[in-house]
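**Q** There's a structure below that I have some questions on.
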């Protein structure tokens, strides 16, 4: 059976969004393409166990084995050498992407302390949205003393939308909790 948000997109969002944006071609209606989750682990230079722990946590969060990212250049000030593993990343597509987005919107974001919504302006100009989480402990999959150390991660949501407004409307229809727009004072 298809994930809940994927079914919701095909049943409701696709038709409504096409009508709102005035798009007649079904294939031109904005949709999710992929979600990329990235974690930079600076402590990995001192101890490889931090990177192994981060990769294990990311595997539990996303349900997919992460790929280690390597330093592209050496930076003496950070004691960093080219080719050293300093992070991990996962690219989600298809059903796993929709399941991850569903958990992010309905479970993870409400668990963030002092949460008032995600930024409305974190789009890149081409319909892609990026956000960061300060710590991974908001994910319910990570429990116990094993993952007690706080670690942040970045999430990029790539859409087929041609503009930021179309992508924002798509994510709003999925239920992304954007902050209320700021009111202009006269």
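Where a number appears in this text, it was derived from the coordinates with a stated rule and is not lab data. For clarity, every value in this text was computed on a predicted model and none was experimentally measured.
**Q** Given the options 62, 143, 91, which has the most mean-square fluctuation in a GNM of the chain, springs set between C-alpha atoms less than 10 angstrom apart?
**A** 143
**Q** Further, regarding this structure: Could you identify which residue out of 36, 106, 130 has the top mean-square fluctuation in a GNM of the chain using Cα springs shorter than 10 Å?
**A** So, out of 36, 106, 130, the one fluctuating most is 106.
**Q** Can you run the Rg to Rh ratio on region 27-134? Use alpha carbon positions and the Kirkwood inverse-distance Rh.
**A** When Rh is taken as the Kirkwood radius, the ratio is 1.01.
**Q** Normalised by the residues of the chain, what does the relative contact order come to in percent, with Cα pairs under 8 Å and at least six apart?
**A** 28
**Q** In units of 2.2 N^0.38 Å, what is the alpha-carbon radius of gyration of region 99-160?
**A** 1.22
**Q** What's the center-to-center distance, using Cα atoms, between region 60-133 and region 1-37 in Å?
**A** Taking the Cα centre of region 1-37 as reference, the centre of region 60-133 is 22 Å away.
**Q** Would you mind calculating the relative contact order of region 104-165 from Cα pairs under 8 angstrom and at least 6 residues apart, reporting the percent as a whole number?
**A** 38 percent.
**Q** Here is a follow-up. Can you give the % of DSSP beta bridges in the chain that are antiparallel, to the nearest 5?
**A** For the chain, the DSSP antiparallel bridge percentage is about 95.
**Q** So for the chain, what are the equivalent ellipsoid semi-axes in whole Å, largest first, each being the square root of 5 times an eigenvalue of the Cα gyration tensor?
**A** Largest first, the chain gives 32, 18, 17 Å.
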